[in-house]
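Contents: one structure, followed by commentary.
Throughout, read-outs are computed from the coordinates displayed, never taken from laboratory work. Predicted, not measured: the structure shown is a model, and the values here were computed from it. Positions of Cβ are backbone-derived with ideal geometry, glycine not excepted, and every protein chain shown enters the neighbour counts.
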């Protein structure tokens, strides 16, 4: 039954963001812009050591600084001093031990941020410094001091698929490394906590998941969840880095203690310490294949460094393991993936979530295989590409389109760009490093698979309320959800779906907060699917109520009819909606229908490399991605362009440099992300092969392009240079070193 | 950030007397480096003398064909100045390859001369750094030192000077004019910055109470065939791994004039005099260029983290000289 | 200390400024103009770009005292009432805004570019915007926006 009407700005159109003009005017209120009468400022004292015992904390001198309102330590945590996204193992404020450099130890509130910082420096913490555990493989195999009660293995996922210990005519092996990447969202961690007279607190915050924050904060504060009310404020990007708590509990503690509104804003250096990063990885791969390039088996061992606390390491491990052979048919799979505790910075969610690391390894292996059997890199991928009906290494049957061959063909068949003749087209760009001499061109490919939504038996749902009323003679729908807008354009998509479902032009999006049920996280490319699904269901309920009043069910709605039927009534429907269930992976074999949906993207990268100086210019990136249904085609392009840029960053420049557990480059001076001069023009094909199980047939969009751009770019550099390049980011010295 | 007094000076005598009376005072020019360092508690002056209103903003042709540049000329203004673009293209190029447009709009010539190193350990107040805290040690030695110096290093410091502009000034034999209550003196550019030795916290030959008032460029005919190249990790807005400023004149097939300076490799802009000696009078061939580069880098001392810079510097020198030969031919 | 600044055409007197405060802090926290953003506060991202005496600078690295007597124009001073400046409108129309945190700085930088160079080439646009980081868009739609604004 189709009862929708085509209206302006519905699904499939390029509706504009409702917050675009405010943002362009500088009037959009981000969490760091908030202000409150009588507001004071909070700051965080952090551990300078990656691993140390705390022998004493003395706050006497800090309290004497004029203007200081409160100085708090672990003794002041009102509830349970332990939290965690999946697994509570992290103190709100360190007690007897610190496990990473930057771990919060104490808090100060004062009337000026500089006063708070000065008082913070007067807190005396005595540390007994311990040798840090920094080797991932030692941590995985019991060769390091246990940092937590149950040892250092957060999770070990084994995937055993098909006959084991098979042999093949052609064998290629490789060891690969991925450095620690930072989300580098531009809006720093920040929020405003406002205490209420009844001992409750309101927190205005930039986050990815209001209810997960609320649950963790409430436990730490020793309050029932309803006494911790969260409202989303403007979010300056997220990319996974806001899925864990940063200053949430701290600001609430200071507000409840001082009785005043407390604002906390990290600076960029503190931001590098204040959120989780992408897991660095070390990966050992062996591919066996026939002489004509058909994969016979894949064996892999993947080590992911989870750092000091678990965060979402368990789920990242499951992704790397279950997606570890890529979008290929592989009859025999033996994958072991470990996520471990070390004294490195905690790692957790970042766009691509475990799939990024594995893809760098398996795609590098595909190129080695192509070389070994004398095939073109696209051809070897096509020969092994999965399609609808394929069986994943988990035994799960892929029951919706998997157009891997089509994506690869699309990017391969695009015309190649001409050689540049402008200086800015050259490696080194405006830096005058070459005018074309010593420059070699290379072309490379990458293809990705990513699960959409939460997997592994997680109860993944969203809640949406839709209210339909007539205001000033006009039908107005308002949408309320706790699903978080972080910049990706969820607010636009919610308006589009509502317009399409209800035939109403005016759709208001209410503030996102915890006064409505959980919507799950803005992560895993899931919100358009899950909250979009919930919204469609809520709109259907509203429509049903309307039809009941009209007395029939099969006519298109139109605005005037709604106004006439509704009068002064309000239709108000709340729906909790979940996608089909997923199942827990078998702990011994990794078998199970663990994922709800797969998404695919392919990239072709063209690079020019100055082989003399080691400089890389990415000349062009071509991407093809299947999105099932493009709810907002322009926004889809924006996701592909932005995701691709982050993959480019990982390929050639981005890495948090660690030395003995310490971050050596916590600034945008030393942690480089791509500028407009680094990002080339893109050519993009968007496929719409509907997934019959998903709302509108859509697929999650955000993550796949981040995954496949990195291996494509590195493959192109290899093609230009002949270097092995088994580690990202690739730096000039890796290209020019003698092999 | 420590508290400090803020004084705004309207003329040079006021500025130099203000600082003469305050041993821990600092001049504030564009502020693009000092404000950041103060915020990080790396610089902790008790008095700031704001000199941005001093009348040191001229770019003037001198009777001998040289150019005098006021210390408060903004980097963007200098790079765009017709006198600089036509006579010293290498200086324009070097400035434009530093920082971003917004920073070049604020940064001054004097401030660029005096900017501090970008060593990661210098910026980390929890780390040992002989430059920031004399006698505390150097965590860069044995630490993460990929960006660090390979020429003129000591056992006390591996820091590099981060400026691009200064590399061009060193190549051009500029002179720095400074003033204090004791009077005016002139310091040759290649003596302005000093190597770390046992006192890495001493970075220049400027006395604590001296104000940089101007930079003078001599008339350098060969500068018309000059080039600045910068090798870095990102296409823009990143400090040099290695940079080269060079000017070359070839008569027939022989090098008759050459000037060469390196950036990103030392605590000072590194005038490559050994390479210049090898090149002068030598045939303008790839082979000579390689020999010259190797001669200059023979004295390099690297750590495993920055060993690549030796080869990179050599290849960059060769590449820029090769280009200048071609360019000279065309011209 | 007291600082007098003309902000978006209006003379403002700010009292009790601590000398260590930046122009960015004064604008955001003392003058109620949070449009200029605080992404790095080290001059490395361009999100705090404002005009000072007609020249784009990073407000985070301008000491409050340096702004004394200067004319400052922020992103809030570009639109005329309800009508967006053409650069702002183009950012909205081109889909160049995602999280939007970089947008105010980029709008000012692009506004300056088009004032100096009304019909910039792509390399000129890229060079002019190279001091502004964006993490969401991959820059493509930002380039579209600047081209669009140049045409309008």
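The table for this structure:
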| item | result |
| --- | --- |
| Computed FRET value (nearest 0.05) for residue C:117 with residue B:251, which takes r as the C-beta separation and R₀ as 56 Å | 0.90 |
| Rounded to 10°, Cα long-axis angle of helix B:308-330 versus longest principal axis of chain B | 60 |
| Additional length obtainable on full extension of the chain from residue A:36 to residue A:459, 0.36 nm per residue less Cα span | 148.5 nm |
| Helix C:103-116 vs. chain C, principal-axis angle (Cα, 0 to 90°, nearest 10) | 80 |
| Approximate spin-label separation residue B:301-residue A:414, in nm, with each point projected 7 Å along Cα-to-Cβ | 5.1 |
| Inter-part distance where the range A:247-296 and the range A:665-717 are each reduced to a Cα centre, Å | 19 |
| Per-residue average of Cβ from other chains inside 10 Å of C:30-41 | 6 |
| Calculated FRET value between residue A:82 and residue A:196, using beta carbons and R₀ = 30 Å, to 0.05 | 0.75 |
| Distance between the range A:161-225 and the range C:96-132 - C-alpha centres, whole angstrom | 33 |
| Debye intensity ratio in log₁₀ form over the Cα atoms of the range C:3-77, taken at each q of 0.25, 0.28 Å⁻¹ | -1.20, -1.55 |
| Under the Debye formula (equal points on every Cα, no solvent term), log10 I(q)/I(0) of the range C:86-151 at q = 0.16 Å⁻¹ | -0.40 |
| Value of Rg to Rh for the range A:496-554 (Rh from inverse mean 1/r over Cα pairs, i.e. Kirkwood) | 1.03 |
| Rounded to 10°, Cα long-axis angle of helix C:140-151 versus longest principal axis of chain C | 90 |
| Kirkwood hydrodynamic radius (C-alpha pairs) into Stokes-Einstein, the range B:5-53, 25 °C and 0.890 mPa s, D in µm²/s | 226 |
| Part-to-part distance (alpha-carbon centres) for the range B:174-238 and the range A:368-382, which is given in Å | 55 |
| Diffusion constant of chain A at 4 °C, which comes from Stokes-Einstein with the Kirkwood Cα-pair radius and 1.567 mPa s, µm²/s | 48 |
| Pairwise label distance in nanometres, residue A:96 with residue B:53, each label 7 Å out on the Cα-Cβ vector | 6.1 |
| Rounded D (µm²/s) - the range B:224-330, Kirkwood Rh over Cα pairs, Stokes-Einstein at 25 °C, 0.890 mPa s | 177 |
| Within 10 Å of each Cβ in A:602-614, the average number of Cβ atoms from other chains | 2 |
| For chain B: Kirkwood Rh in Å [reciprocal of mean 1/r, alpha carbons] | 20.2 |
| Per-pair calculated FRET efficiency, R0 = 56 Å: residue B:20 and residue A:683 via Cβ, rounded to 0.05 | 0.30 |
| Order of B:202, A:98, C:108 - criterion: other Cβ atoms within 10 Å of each residue's Cβ, fewest first | B:202, A:98, C:108 |
| Least to most buried among B:270, A:577 (fewest other Cβ within 10 Å first) | A:577, B:270 |
| Residue A:121 paired with residue B:181, simple spin-label distance in nm, labels 7 Å along Cα-to-beta-carbon | 2.9 |
| Mean ellipticity per residue at 222 nm, deg cm²/dmol - from DSSP H runs of n ≥ 4 across chain B, formula -39500 (n - 2.57) | -8500 deg cm²/dmol |
